[in-house]
Amino acid sequence: MIRHFIDIADYSSDQLRQMIQDALVMKARPASVSAKLSGMNIALLFEKPSTRTRISFEVGVNQLGATPLVLDNKGMQLGRGETVADTAKVMSRYVDAIMIRAENHDTVLELSHHASIPVINGLTNQSHPCQVMADVMTVAEKKAPDLNFAHLHIVWLGDGNNVAHSWIEAAAAFGFTLTLATPDALRPDASIVAKAKAAGGVIHLSNDPALAITDADVVVTDTWISMGASMGGAEHIDAAAHKNMLEPFRVTTQLMELAAPDAIFMHCLPVYRGNEADAEVVDGAQSVIWDEAENRLHAQKAIMCFCLDKNNAG
Ligand code: CP
Ligand code: NVA
């Protein structure tokens with residue numbers, strides 16, 4: 001069976017923990033995997049801008065001994081109406097895997113249905129699983145070296161967006177408690193929350209940022225305006241009204257003081273200081289954003305090996 005990596009909820013807790021474990025080993029001993037995907041070619045296809053995903057995948061593919069092909073949909077016939085299905089079938093004849101950042105989640109699903117090679121989700125309007133695997137790896141390094149997350153309370157403040165959805169799935173898989181404090185109108189997708197709860201996730205929804213953040217071990221936020229919205233796509237929003245609703249959810253230094261004294265602050269980046277978080281928090285002593293960004297590289301290498309290493313099949 002082809003191992004795609006489309007959402008965290010698609011894999012078992014044991015498989016996901018193994019990926020985090022592998023990522024930690026790859027970070028500690030990068031040379032141990034330098035020929036792991038030797039001779040392979042991996043396409044990295046972007047329908048939206050990217051700094052971290054593009055660079056960390058390109059470097060990660062190189063570090064595993066494979067060759068990356070960085071593509072954008074507008075430079076392909078895909079951008080002129082060739083179907084996703086036909087693109088999937090053709091690409092499957094040339095390359096060994098496809099990482100795609102897509103406008104619509106359905107594009108990734110359709111690509112995976114028609115590809116005979118693994119498809120990895122590098123962000124859609126619905127989820128960002130590679131980001132949250134790197135985030136869980138970062139939480140493991142800082143707070144749970146034994147990969148036991150059960151004692152941790154992670155609090156998300158802001159928009160109930162794609163990254164929040166992957167955190168919700170991660171709560172069910174890794175066993176931490178997750179509270180999402182959002183304006184009522186910007187709650188995460190109810191079906192994703194319900195599915196994660198049914199899978200055993202301890203997930204609370206709140207509209208009270210101060211109450212939610214109190215005693216948190218990990219505080220997470222993200223941009224108030226996601227790419228799908230700012231690029232005028234299907235998710236188009238009234239930016240001023242949206243920001244207005246989110247004002248009380250800014251991670252300020254005052255709110256951060258309510259979290260546990262040793263709480264860490266996380267953000268997938270890019271960050272907009274003064275919107276979703278005070279600059280003092282983003283650049284402060286509790287912030288782990290640079291380690292978090294670095295861990296994209298290691299977590300994604302583990303994900304690619306999970307999808308492509310013949311020895312891992314089954
Ligand atoms: N966090 C993240 O995915 O960043 P990019 O949009 O730069 O890839
Ligand atoms: N929620 C953000 C994440 C960027 C990495 C977006 O979709 O733009």
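The values are calculated or read from the model by the stated rules, or taken from the named source; none is laboratory data. It should be emphasised that the depicted structure is a prediction, and the values quoted were computed from it without experimental measurement. Note: ideal-geometry Cβ built from the backbone for every residue, glycine included; neighbour counts use all protein chains shown. Quick note on the areas: whole protein, heavy atoms, side chains included, nothing else; ligands and nucleic acids left out. Shrake-Rupley method; radii C 1.70, N 1.55, O 1.52, S 1.80 Å.
Given the criterion in contact with a Gly (Cβ under 6 Å, 6 or more places away or on another chain) and hydrophobic (A, V, I, L, M, F, W, C), identify the matching residue among 85, 9, 35.
Exactly one residue qualifies, and that residue is 35.
Given the structure, is residue 58 without any contact (Cβ under 8 Å) to a residue 24 or more places away in the chain, out of contact with any Asp or Glu (no Cβ under 8 Å at 6 or more places or on another chain) and not in a helix (DSSP H, G or I)?
In short, no.
In contact with a Gly (Cβ under 6 Å, 6 or more places away or on another chain) and either open to solvent by 10 Å² or more (accessible area, probe 1.4 Å) or closer than 19 Å to residue 123 by Cα (or both): does that describe residue 261?
no
Kindly indicate whether residue 45 is within 24 Å of residue 125 (Cα to Cα), outside any loop (DSSP other than H, G, I, E, B) and either under 19 Å from the mean Cα position of the chain (by Cα) or modelled with pLDDT of 95 or more (or both).
Criteria met by residue 45.
Restricting the search to segment 276-291, which residues are in contact (Cβ under 8 Å) with a residue 12 or more places away in the chain, open to solvent by 20 Å² or more (accessible area, probe 1.4 Å) and more than 16 Å from ligand 1 (Cβ to nearest atom)?
278, 280, 284, 286
Being touching a Cys at 6+ places or on another chain (Cβ under 9 Å) and within 12 Å of ligand 2 (Cβ to nearest atom) is the filter here, so list the residues in segment 33-55 that pass it.
Hits for segment 33-55 are 52, 53.
So, in segment 28-41, exactly how many residues are open to solvent by 60 Å² or more (accessible area, probe 1.4 Å) and assigned to a helix (DSSP H, G or I)?
Going through segment 28-41 one residue at a time, the tally reaches 4.
Exactly one condition in (1) without any contact (Cβ under 8 Å) to a residue 60 or more places away in the chain; (2) more than 16 Å from ligand 2 (Cβ to nearest atom); (3) in a strand (DSSP E or B) is false for residue 149; which is it?
(3)
Among the residues of segment 115-123, is any open to solvent by less than 50 Å² (accessible area, probe 1.4 Å), farther than 27 Å from residue 134 by Cβ, away from ligand 1 (no atom under 16 Å from the Cβ) and of a type in the set (Val, Ile, Thr)?
No: segment 115-123 contains no residue that is open to solvent by less than 50 Å² (accessible area, probe 1.4 Å), farther than 27 Å from residue 134 by Cβ, away from ligand 1 (no atom under 16 Å from the Cβ) and of a type in the set (Val, Ile, Thr).
Filter segment 63-79 down to residues that are in contact with a Phe, Trp or Tyr (Cβ under 9 Å, 6 or more places away or on another chain) and not in a helix (DSSP H, G or I) and give me whichever is surrounded by the most Cβ atoms within 10 Å (Cβ to Cβ).
Only one residue fits best here, namely 68.
How many residues are part of a helix (DSSP H, G or I) and under 25 Å from the mean Cα position of the chain (by Cα) when one looks only at segment 239-252?
8
Just checking, which of 82, 103, 58 is among the acidic types (Asp, Glu), within 13 Å of ligand 2 (Cβ to nearest atom) and surrounded by fewer than 23 Cβ atoms within 10 Å (Cβ to Cβ)?
103
Would you check if residue 310 is among the charged types (D, E, K, R), more than 14 Å from ligand 1 (Cβ to nearest atom) and modelled with pLDDT of 95 or more?
no
In this structure, does residue 298 turn out to be at pLDDT 95 or above and within 14 Å of ligand 2 (Cβ to nearest atom)?
no
Do the conditions hold for residue 2, that is, is it closer than 16 Å to residue 307 by Cβ and open to solvent by 60 Å² or more (accessible area, probe 1.4 Å)?
yes
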